[in-house]
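The values are calculated or read from the model by the stated rules, or taken from the named source; none is laboratory data. Computed from a prediction, not measured in an experiment: that's the story for all the values here. Please note: Cβ atoms are built from the backbone with ideal geometry, for glycine as well, and neighbour counts cover all protein chains shown. Please note that ligands, DNA and RNA were not included when accessible areas were found on the heavy atoms of the full protein model with its side chains. Shrake-Rupley method; radii C 1.70, N 1.55, O 1.52, S 1.80 Å.
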Amino acid sequence: MNLKNKSTMKNIVLTISVLLLAVSMFAQPAKKPTIMVVPSDQYCISRDYKQEFNNQGETKVLPDYKKALQNDSDLRLVISKMSGIMADRGFPLKDLEQELKKLENERAQKDMTISSSTGMGLAESPIDALLRTAKADIIMDLSFEIKRRGPQQYITYILNGYDAYTSKNIASSSGAGEPSSAATPDVLLEEAVLAHMDEFNDRLMNHFKDMFEKGREVTIQVLVNDAAMDNLESEYTWKGKTGELSQLINAWFIMNTVEKRFSRATSTANLLIMDQVRMPMFTEDPWTGEKVGQDTQDFAYKLRDWLEDEIGLADPIKIAPKGLGEVWLIIGGK
Amino acid sequence: MKKLLQILVIAGLAYGLFGCAAKKTMDATYESEHAIEAEIISVGNDGTKMIKSWGYAKTPELALIDAKRKAVKAAIFHGFAAGGGSAKVGPIVKDENAKTEHKAFFDEFFKDGGKYLQYVNSKNVGMPSGEDRLKMKKGYKVAASVSIEFDSLRKHLEEKGIARSLDAGF
């Protein structure tokens, strides 16, 4: 082979390598978080958009989103404006009204599911049910008020972004607009949205950056059912070393979290709570081997498989998702 | 005679030292990116920001052009503090190294008659006057009220791979 051929060959190999690298880098983007705007509890309850919910004998007052959306044109205007801006930034919002309709349709199905489970879902409030059905990763909690000062009107506006996985506040923007005697409330409301969305989105961007660098934050609880043969203090041997089950689970978290970031919040014989767990954004699908976005349930399945296959736990393990960012593993729960 | 010569030399040195320093300070005020004075005056319409920005030049006309250029620079590299009924607006380009990494792009973008002019519209009718037009020792300091096409500017920089978009990585 002469020099010219060698150089052409080298170029082809280099081009193919670069292409393959590019494909592997860009073919599997992370699961895009879904966002939904929800009026705040204060906004709904203070305007009488509320409902009562009986939680095991205790009556709770909860916001009635359906009533709010059907009666409050200001709210609809603000949500619509925000939707437009977010769609423009690449995040079309989940429509609260559509999600409420979906929830109504699924209610009957949900009741059937509860009766066949261990009863973990019984205390689910309408809000939890909405969040579970909508599966929004981020909730934009919105509150605003049209106020008067003499002949002038102005808007106070509060927008908080909550990570539905952890309930942590990840972005916010609030403030009062400039008073005006000429502008109509509609114009002032539109102005309030425009005035705060950039600040909110800047903070949201910081959150996304953090998520890509340090993983998504979730909570995993390991519980022991009365029917189980073992508890978290039972001793097992793995890789020639014997330890309590809770210690071995701790080791699994060391191996499977981003930069070993997690915190053991509670550890007793029957309950182990791991919070601030930073799970990787991606995982490999066990059947297809494809790299896909990972959710909390996928992460918990991995722990269950490890306990069954590697540790040899004889008790069955039930996986019970509690919202988006929390999963309970119930030993002896099947 | 010798004493007079000594005094002259010292005076010359002192002028050289302090004169230059004073000139440099003025240059820093005129040229430095950090000397950008721009603030939000009110919430603009969809995708725009209403900004008041100051420019410096030998003539008021050139100072007005400088003010427009600085308003766009502020939007890209500095952002704006809260004001005029608006919350704080962060810079479009958050990476501090972007200015040097994409120097060729920005030199072209901000050249006289450059593309930056597409994203800024003057709201002044005629030349600014009164407190918005200050005569200084070496020229003029002029304030321009401008509307910046903020969203279009951001999209342009995102498309060019200079600014990170909100949905990057997803």
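Observations
- Normalising the Debye intensity of region B:82-170 to I(0), with uniform scatterers on Cα atoms only, and taking log10 at q = 0.16, 0.19 Å⁻¹ returns -0.89, -1.10.
- Under the span-like rule (Cα at least 30 Å along the axis, Kyte-Doolittle mean at least -1.0), DSSP H helices of chain A: A:3-26, A:185-214
- Accessible area of residue A:184 in the full protein assembly, 1.4 Å probe (Å², nearest 10): 70
- For trypsin sites (Lys or Arg not before Pro), the sites in region A:171-252 that DSSP calls loop and that have at most 12 other Cβ atoms within 10 Å are A:239.
- When shorter helices are ignored and each DSSP H run of at least 4 residues is given -39500 (n - 2.57), the per-residue value for chain A at 222 nm works out to -13500 deg cm²/dmol.
- Residues of region A:155-203 buried by at least 40 Å² on assembly (accessible area, 1.4 Å probe, chain alone as reference): A:178, A:194, A:195, A:198, A:199, A:202
- The spacing between region B:65-142 and region A:209-230, judged by their C-alpha centroids, is 49 Å.
- Rounded to 0.05, the FRET efficiency of the residue A:167 and residue B:168 pair, given R0 = 22 Å and the Cβ-Cβ distance, is 0.30.
- Peptide A:307-314, shielding by other chains (average Cβ, 10 Å cutoff): 0
- Cα convex hull, region B:33-135: 118 Å³ per residue, rounded to a whole number.
- The mean number of partner chain beta-carbon atoms within 10 angstrom of a residue's beta-carbon across peptide A:258-266 is 0.
- Each Lys or Arg adds one and each Asp or Glu takes one away; over the other residues whose Cβ falls under 15 Å from the Cβ of residue A:39, this sums to -3.
- For chain A, built as a Gaussian network whose Cα springs stay under 10 Å, the top-fluctuating residue of A:321, A:151, A:33: A:151
- Over region B:62-113, all Cα pairs binned in 5 Å intervals from 0 give whole-percent P(r) values of 5, 18, 23, 25, 16, 11, 4, 0, listed from short to long.
- Positive contributions from Lys and Arg (+1) and negative ones from Asp and Glu (-1), summed over other residues with Cβ under 12 Å from the Cβ of residue A:282, come out at -2.
- Spacing of the modelled spin labels on residue A:105 and residue B:108, each 7 Å from Cα toward Cβ, amounts to 5.0 nm.
- Springs between Cα atoms under 10 Å define the GNM used for chain A, and in it the highest mean-square fluctuation of A:200, A:53, A:253 occurs at A:53.
- Protection-proxy order for peptides B:158-164, B:69-75, each taking the mean of Cβ atoms within 10 Å per residue, highest first: B:69-75, B:158-164
- Size of the B/A contact, given as accessible area buried on both chains, probe 1.4 Å, in Å²: 2100
- Whole-angstrom Cα spans of chain A along principal axes, big to small: 79, 77, 34
- Per residue accessible area of chain A, 1.4 Å probe, in Å²: 53
- Considering only A:127, A:79, A:319, the Gaussian network model of chain A with Cα springs below 10 Å gives its largest mean-square fluctuation to A:127.
- At a probe radius of 1.4 angstrom, the accessible area of region B:38-153 per residue rounds to 48 square angstrom.
- Averaged over the residues of peptide B:37-47, the number of Cβ atoms from other protein chains lying within 10 Å of each residue's Cβ is 3.
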